[in-house]
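The values are calculated or read from the model by the stated rules, or taken from the named source; none is laboratory data. Being a predicted model, the structure only gives us computed values, none of them experimental. As a convention, Cβ positions derive from the backbone with ideal geometry for all residues, glycine included, and neighbour counts pool all protein chains shown.
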Amino acid sequence: MNINVPTTCEDATRCLARLNSLNAINQRAVMINLGVLKAARSEILAHVELNGKGIMTDLVLNALNSAINEGQ
């Protein structure tokens, strides 16, 4: 995999602007069945027991737990 590392302030600014625009898609609200959220949490926890935590595991689990608690 080829990763382009920004070398100037303009490059870094352009990269951050691109990330912000891509992230905007992920910010929309969606409706998901509570059972699907609980199943996703169970799958992630089972994966963690076998393989350990990854970089984003705690963030994802916290978001899922928050959504599950709000939905009950």
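Results for (1) among the β-branched types (Val, Ile, Thr); (2) loosely packed, with under 12 Cβ neighbours inside 10 Å, shown as yes or no for each residue.
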{"position": "Gln27", "(1), (2)": "no, yes"}
{"position": "Ile32", "(1), (2)": "yes, yes"}
{"position": "Gly35", "(1), (2)": "no, yes"}
{"position": "Ile55", "(1), (2)": "yes, yes"}
{"position": "Leu59", "(1), (2)": "no, yes"}
{"position": "Asn62", "(1), (2)": "no, yes"}
{"position": "Ala67", "(1), (2)": "no, no"}
{"position": "Gln72", "(1), (2)": "no, yes"}
Checklist line | Some residue of the stretch 44-63 being in contact with a Gly (Cβ under 8 Å, 6 or more places away or on another chain), modelled with pLDDT of 90 or more and not β-branched (Val, Ile, Thr) | finding: no
